[in-house]
Every structure is written in C-alpha cells, then in structure tokens.
Amino acid sequence: SARRLFQSPRSATGADCPAGGSSVVSVKMGLSSAAEIDGAQLCIFDLRRGQQEGQELDKILFFHPADCPILLQLSVIGLCEGIITFTRIFSPEDDCEVIESDKHCHVFYQAEPDIWMVLVVQKIKDNESTLRFGALQGILKESHSLFAMFHGPIRTLLDRQPSAEFARGHLHTFVTDYLSDFSVGKKLQLPTYRDSLTERGTVQMLTVSREVALEVQYFSHSPQFLGHVFET
C-alpha cells in the first residue's frame with residue numbers, strides 16, 4: 001500500500017534500520033522546507049485550487065504559524081502535494097498517511113475530497129513513532145470534525161464563496177482557537193505517546209518495579225485468585 005512508504009532493511013547510506021521499522025515510513029529525502037521553520041506546522045490546502053502558474057498561493061486555506069514567510073508556506077505545501085501525487089501512482093485508492101524523514105514527520109489526513117490537512121512535527125524516538133502517528137492524526141480528524149459541526153464542510157464554504165476568503169476566515173478563527181490548547185508561548189507542544197492522552201489514541205504508561213510486577217503476575221496465577229474469580 002502506498003499509504004506508508006517502506007524502506008529496505010538497510011538504508012541507502014548503508015546504515016542498519018531499527019528492527020520492526022517497516023511499519024513506519026523512513027525516507028532519506030531532503031525535507032528541508034520543514035526544517036527551516038522552528039516548531040510544528042499545520043496546514044490545510046485544496047488541491048483543486050491554485051493549479052495555474054502564479055496562483056499557487058490560492059490553494060492555501062490555513063497555515064500555522066501564521067507569521068511563517070509565504071515562500072516557506074508554499075514550499076511545505078508544494079512538498080506535501082508532491083508526496084500525495086507520488087503515492088497515488090502506486091495506490092490510487094489509499095491516502096498517504098505518514099512520511100518520516102531524518103528529523104521530521106509529516107502526518108497526512110484527507111479531510112474532504114482533495115482538501116488535505118498536514119501536520120509537520122519533529123521526529124521522536126523510533127519506538128514511539130508508530131503509536132504517536134495515530135494520536136497526531138487523531139488531532140487532525142478531531143479538529144475537522146468539530147469545524148464541520150459548527151461551520152459545515154469546508155467544500156461547502158468554498159462553493160459558497162469561490163474566493164475562499166469566507167472559508168479562510170472561519171478556519172483561521174476556529175483552528176487557531178483549537179490549537180491554543182497545545183500552545184506553549186508561540187510554539188505547539190503536541191502530545192507524545194507518554195502524554196497519556198487516551199482520547200487521542202494513546203494509553204497511560206504505569207512504570208512499576210520488577211519485584212512488584214512479579215508479585216502481581218504470581219498473584220494473578222495463584223490458585224486462591226483463580227478460585228475467587230470462578231466463585232464470583
């Protein structure tokens with residue numbers, strides 16, 4: 001499936017990839033556009049817009065941070081559009097979900113036909129990456145679901161006013177307010193696997209000592225415990 005691009009057991013540079021890493025995208029490519037922006041980015045764009053040369057800016061419906069230079073916004077969205085187009089060659093029926101570079105992860109969600117939301121975050125430890133992807137994509141899905149509930153589908157707003165200023169205004173107000181829950185100063189502090197945000201696809205981690213773990217395991221398998229379970 002083209003939803004996730006797999007790398008061979010050894011990378012192009014000859015370095016060994018982590019065991020079990022095939023479930024996560026690992027691409028050796030120069031995703032320099034994201035690296036030039038400090039912190040996480042969230043963008044919403046419409047692939048049906050801005051297809052003519054010189055009109056590329058028209059496809060941007062929302063971009064965080066708002067003070068990011070326009071050229072960098074176009075660079076990020078242009079890269080995302082290229083990835084979407086490339087993966088569709090191999091799997092037209094499946095959407096691209098995650099692209100992982102050396103330092104950043106791009107999390108994709110097609111909220112509506114040809115309307116994409118992409119979250120770009122710094123890469124974290126490999127053993128947590130797969131679990132975090134679901135949580136981050138959950139943020140995109142939740143924000144779109146809430147927006148549609150209060151304002152209607154984005155496509156409907158675009159059809160109502162083709163200039164898209166109406167849709168951009170609603171998206172800017174709503175998504176900015178939604179992201180304020182994750183803001184630390186001017187940066188986004190997005191949830192990690194260990195943040196225990198169960199509503200966003202993660203679970204709570206409880207660290208216990210080896211002795212306590214063995215005692216619990218012994219107790220759960222003891223005849224007295226099993227007898228009590230069957231009695232109840």
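The values are calculated or read from the model by the stated rules, or taken from the named source; none is laboratory data. These numbers were taken from a predicted model, which means no experiment stands behind them. We place every Cβ from the backbone using ideal geometry, glycine too, and count neighbours over all the protein chains shown. These accessible areas exclude ligands, DNA and RNA; they are computed on the full protein's heavy atoms, side chains included. Shrake-Rupley method; radii C 1.70, N 1.55, O 1.52, S 1.80 Å.
Inside the stretch 65-118, residues that are in a loop (DSSP other than H, G, I, E, B), without any contact (Cβ under 8 Å) to a residue 60 or more places away in the chain and over 15 Å from Ala40 (Cβ atoms) make up a count of 4.
Residue count for the stretch 51-75, restricted to those that are at pLDDT below 95, in contact with an Asp or Glu (Cβ under 9 Å, 6 or more places away or on another chain) and aliphatic (A, V, I, L, M): 2. Here Gln137, Gln110 are screened, and the one residue that is within 13 Å of the chain's Cα centre (by Cα) and modelled with pLDDT of 95 or more is Gln110.
Residues that are part of a strand (DSSP E or B) and not acidic (Asp, Glu) are absent from the stretch 131-141. I'd like to know if the stretch 150-161 contains one or more residues that are modelled with pLDDT of 65 or more, surrounded by 13 or more Cβ atoms within 10 Å (Cβ to Cβ) and under 27 Å from Lys103 (Cα atoms). Taking every residue of the stretch 150-161 in turn, none turns out to be modelled with pLDDT of 65 or more, surrounded by 13 or more Cβ atoms within 10 Å (Cβ to Cβ) and under 27 Å from Lys103 (Cα atoms). Residue check, Phe133 against (1) in contact with a strand residue (DSSP E or B) (Cβ under 6 Å, 6 or more places away or on another chain); (2) among the aromatic types (Phe, Trp, Tyr); (3) without any contact (Cβ under 8 Å) to a residue 40 or more places away in the chain; (4) open to solvent by less than 20 Å² (accessible area, probe 1.4 Å), all met but one. Which one? Phe133 satisfies all of (1) in contact with a strand residue (DSSP E or B) (Cβ under 6 Å, 6 or more places away or on another chain); (2) among the aromatic types (Phe, Trp, Tyr); (3) without any contact (Cβ under 8 Å) to a residue 40 or more places away in the chain; (4) open to solvent by less than 20 Å² (accessible area, probe 1.4 Å) except (3).
Each residue in the stretch 14-42 was checked for being surrounded by 20 or more Cβ atoms within 10 Å (Cβ to Cβ), among the hydrophobic types (A, V, I, L, M, F, W, C) and at pLDDT 50 or above, and 2 pass.
The set of residues in the stretch 172-196 that are at pLDDT below 75 and open to solvent by 60 Å² or more (accessible area, probe 1.4 Å) comprises Val184, Gly185, Lys186, Lys187, Gln189, Arg194, Asp195.
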